[in-house]
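Coordinate-derived values only; no laboratory data. Predicted, not measured: the structure shown is a model, and the values here were computed from it. Quick reminder, even Gly has a Cβ in these numbers, built from the backbone with ideal geometry, and neighbours come from all protein chains shown.
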Amino acid sequence: MYNQRYMVVDDDPTNNMICEFTIKRFDKDGDIKIFSTPEEALSFIAEEYNVEHSKQPTILFLDVNMPTMSGWEFIDEFLKFEESVKNQFTIYILSSSIEDFKEKAEIYSAIKGFISKPLKMNNLEEIKNGL
């Protein structure tokens, strides 16, 4: 049995620090991976989550506005992974302007929900209760 894994994909170092701190307070045994570029996160997923790999349930917090690749482009690439990989992820958009994205996000069934920055303890409680 694995500890819950959390991934944060955001180019903002301050937000990444807040996310890491909040997740550690919420789940001291959680496995936290922070990525400042979507490309790094996609490479990590490709290497770590393969068909032979044991199931690793992962909650992924994804920013939308990033300079090299948007959150939407990340999801387009993520959707190319095998079902066995994709099924290990629960994806939440973590953004300072979630209202702008709700309509577009309806296209992406991979997105479980939206969280307004910064990530808070009650967001994690709601996610835990919803899993």
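What the table shows:
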quantity	calculated
E39-M121 pseudo-label distance in nm [points 7 Å out on the Cα-to-Cβ vector]	3.9
Stretch gain in nm, segment I107-E73, where the contour uses 0.36 nm per residue and the Cα spacing is subtracted	11.0 nm
Region 110-117 - phi-based ³J(HN,Hα) in whole Hz, Karplus 6.51/-1.76/1.60, Gly and Pro as x	5, 8, 7, x, 10, 10, 7, 5
Order of Y6, Y92 under a 10 Å beta carbon neighbour criterion, fewest first	Y92, Y6
Over 26 Å [Cα-Cα, the chain], rounded percent	14
Top positive-direction residue, dipole computed over the chain with Cβ charges, set F74, T14, T37	T14
Interchain or long-range residues, amide H under 5 Å from T90's placed H	T58, I59, L60
Contact order relative to length of the chain, as percent, for alpha carbon pairs under 8 angstrom and 6 or more apart	26
Within the chain, helix-based [θ] at 222 nm, where runs of 4 or more DSSP H residues each add -39,500 (n - 2.57), nearest 500	-10500 deg cm²/dmol
Contour minus Cα-Cα distance for D11 and K80 (0.36 nm per residue)	22.6 nm
